[in-house]
Structures are given as structure tokens and as C-alpha cells.
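What follows is calculated from the coordinates using simple rules that are stated; it is not laboratory data. As the structure is a computational prediction, the values presented were derived from the model and not from experiment. A quick note on method: Cβ atoms are made from the backbone with ideal geometry, for glycine too, and the neighbour counts reach across all protein chains shown.
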């Protein structure tokens, strides 16, 4: 790459970053105003302009929702405000998806699944927006997803692993006090399903989790899937 082309590429990346920051602020304003159509238009417009789903989630929606959490922690938003913003964003994500019977488990409609991924938040964890976004990203690159969602007791999780036989498990814990629970669940999974691929995510996750691959960036999630 020549010096000129490198500078042009850097300029393009900087412009994309600025655009993402602007869109994230607009999205934040929309969800704070309970403007579901406006939030959807921002997200759909970003995709129409060439942004990918992982980029939209990581650069636009995730920062906006992180700010919602920060505002709640500071007392600038009520619990109801935070719940409304989260519920609205779940609606936006769902509206961006194709019907579930179109292309499920197949990259670009090839009909060939890369494998089955089960996604679950540990017991006590109610925050699952990031987990939902991870499911979308994995589905889009050809994985069949089995989304268990929030607050999954360890016994129920192990039963689901036995009955549904996924190739990969993605575990999430966001609340700091659930870090030890995540460790215990991962250890139990390793004992009972030693060959199962394991991804971990969420703010309570750490690289020390036994046998797990820590993923914090949705844009690199597909590449982090164990081969």
C-alpha cells in the first residue's frame, strides 16, 4: 500500500468513525424520547448506507445503550426510562431481521449451516441485549442459533445442552456480582461437555474463565468462534 493510499484509507476510517458517533448520538436521543420509529429509521438508514449489522450494533447501538446505563447509574434516568430504552431497542433489532424462516443457519442462503450455537445468560442476569445482538451476528454468518435468553439456571442449561446438542455455547454475564456465577457455570460445562466450544461475554466476563474465549467486540465475534 502506497503512502497516498494509506492516508486515503485512514481518512475513510476516520470519516466512518465520525459518522458512527453521530448516528449513536441520534439513536440515543431517539430512545430517550421513546421514539421507536425514529430509532428504527436511524438503524435502517445506517444499514442502507453500507454499514454492516456488526458495525451498527458495535458502533451505534451499543454505545448509545451504554450511555443509557450510565445515565441510569447517575440518577439521570429512572428504572422505567432504562427499561423503555432497552425494550425499544429489542423492537428495533427484531424489525431489522428477516423472517425467521428465511436463510436460518445459512450464509447468504446457501442452506449449509456452520453449526449450532446456544446462547444464554447466567442465572440472575436480566441484561441480554448484547447476547441478542451476538445471536444475530452469528446467525448472519451461517450459524443456527438457539437463544435461551436471560436468567438461565445452571441445571436447565446443562439439560438444554444434552437435549439440543449445540456445537458452541455462548455465555453472558453483565452485572459485576455475577462474575463468580459465570465462572461456576463455565466450570460445570467444561466438566460435563469437555469438547464443547465456549464463548463468554458481558462486562462481568474475564479472560480467566476456564476454557472460554472472551469476546467483547461484535465485529470480531465470527472470527473468535473456535474452529
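Computed over the Cα atoms of the chain, pair by distinct pair, the Kirkwood hydrodynamic radius stands at 18.6 angstrom.
Note the direction-averaged projected area, equal to a quarter of the hull surface, for the Cα convex hull of segment 3-96, in nm². That works out to 6.4 nm². Residues 147, 27, ranked from the fewest to the most other C-beta atoms within 10 Å, line up as 147, 27.
In segment 107-224, the alpha-carbon atoms span a convex hull of 90 Å³ per residue. Based on C-alpha pairs under 8 angstrom that are at least 6 apart in sequence, the chain has a relative contact order of 15 percent. Considering only alpha-carbon pairs that sit under 8 angstrom and 6 or more positions apart, the relative contact order computed for segment 107-224 is 27 percent. Here the Gaussian network model covers the chain, with springs between Cα atoms less than 10 Å apart; of 60, 21, 122, 21 fluctuates the most. Taking 98, 166, 153 in turn, the Gaussian network model of the chain (Cα-Cα springs below 10 Å) assigns the largest fluctuation to 98. Sorting 19, 165, 24, 49 by the number of Cβ atoms found within 10 Å of their own Cβ, with the fewest placed first, yields 49, 165, 19, 24. Cβ crowding within 10 Å, taken as a proxy for footprinting-reagent exposure, orders 158, 171 from fewest neighbours to most as 158, 171.
Based on Cα contacts under 8 Å between residues 6+ apart, segment 170-227 shows a relative contact order of 37 percent. Between 140, 17, 183, the GNM of the chain built on Cα springs shorter than 10 angstrom shows 17 fluctuating the most. Comparing Cα centroids, segment 16-74 and segment 147-179 end up 28 angstrom apart.
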